[in-house]
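The next block holds one structure in the form of structure tokens; read it before the comments.
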Amino acid sequence: MTGGAAGPAREAREARVIVASNRAAAGVYSDTTGPVIRDWFEARGWAAEVEVVPDGEPVGAALRAAVASGAAAIVTTGGTGASPTDRTPEQTRAVLDFELPGVAEEIRRVGREHIPLAVLSRGLAGVAGRSLVLNLPGSTGGVKDGLAVLDGLLEHLVDQIGGGDHVRVD
């Protein structure tokens, strides 16, 4: 990768999408959120892979592997609610170097405009190594709301995490 937002062209960045779903991982039904996120990244010129795992420790293992792979962005979907099996935020917090609470709060705020229950999401956003890590809800509507927030932040944030300079906005 070369340069910041105003620098020379760079090779395609890599994203990992981790679907936290006990039922989809067991083959009870097909995941619908992972492909939405993958397609969103690919439409922006990123390479993206989707992995479906049960919630809990498998999410932590997938997160650690994605960080180790050097993925610039890692987005999880599912496992952010208040159910006893929803453990994605705990697994995420364990790999983060620091959180970006404003990003997670904005995703909940935007989601609340469409469905009041969006405030129940415990999703996190933060940085692990040189990777942006973001938890999105397990619904396609919640994913679309989260991606709408990420759309205005992704390139600048990933450039910053990678050591790029700030683009001045006056």
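Of all residues in the range 16-35 being surrounded by 18 or more Cβ atoms within 10 Å (Cβ to Cβ) and among the β-branched types (Val, Ile, Thr), which is nearest to Thr92 (Cα to Cα)?
Selected residue: Ile18.
Would you be able to say whether some residue in the range 74-86 is part of a loop (DSSP other than H, G, I, E, B), touching a residue at least 24 places away in the same chain (Cβ under 8 Å), hydrophobic (A, V, I, L, M, F, W, C) and in contact with a helix residue (DSSP H, G or I) (Cβ under 7 Å, 6 or more places away or on another chain)?
Checked the range 74-86: at least one residue is part of a loop (DSSP other than H, G, I, E, B), touching a residue at least 24 places away in the same chain (Cβ under 8 Å), hydrophobic (A, V, I, L, M, F, W, C) and in contact with a helix residue (DSSP H, G or I) (Cβ under 7 Å, 6 or more places away or on another chain).
Out of all the residues in the range 52-67, is one or more under 16 Å from Leu147 (Cα atoms) and either at pLDDT 95 or above or in contact with a Lys or Arg (Cβ under 9 Å, 6 or more places away or on another chain) (or both)?
no
From (1) more than 22 Å from Ser21 (Cβ to Cβ); (2) surrounded by fewer than 21 Cβ atoms within 10 Å (Cβ to Cβ), pick out the condition that doesn't hold for Asp159.
All conditions pass for Asp159, except number (2).
Can you find even one residue in the range 150-169 that is modelled with pLDDT under 95, of a type in the set (D, E, K, R), out of contact with any Asp or Glu (no Cβ under 7 Å at 6 or more places or on another chain) and in a loop (DSSP other than H, G, I, E, B)?
Yes, because at least one residue in the range 150-169 is modelled with pLDDT under 95, of a type in the set (D, E, K, R), out of contact with any Asp or Glu (no Cβ under 7 Å at 6 or more places or on another chain) and in a loop (DSSP other than H, G, I, E, B).
Read through the list (1) surrounded by 23 or more Cβ atoms within 10 Å (Cβ to Cβ); (2) farther than 16 Å from Leu150 by Cα, then give the number of the only condition that Val75 fails.
So the condition that Val75 fails would be (2).
Does the range 104-121 hold any residues that are under 24 Å from Pro58 (Cβ atoms) and part of a helix (DSSP H, G or I), and which are they?
Matches in the range 104-121: Ala104, Ile107, Leu120.
Between residues in the range 41-53 that are buried (at least 17 other Cβ atoms within 10 Å of the Cβ) and residues that are in a helix (DSSP H, G or I) and among the aromatic types (Phe, Trp, Tyr), which pairs lie under 8 Å by C-beta distance while being six or more apart or on different chains?
Every condition considered, the pairs that remain are Ala48/Phe41.
The values are calculated or read from the model by the stated rules, or taken from the named source; none is laboratory data. Computed from a prediction, not measured in an experiment: that's the story for all the values here. Here Cβ is always computed from backbone atoms with ideal geometry, including for glycine, and neighbour counts include all displayed protein chains.
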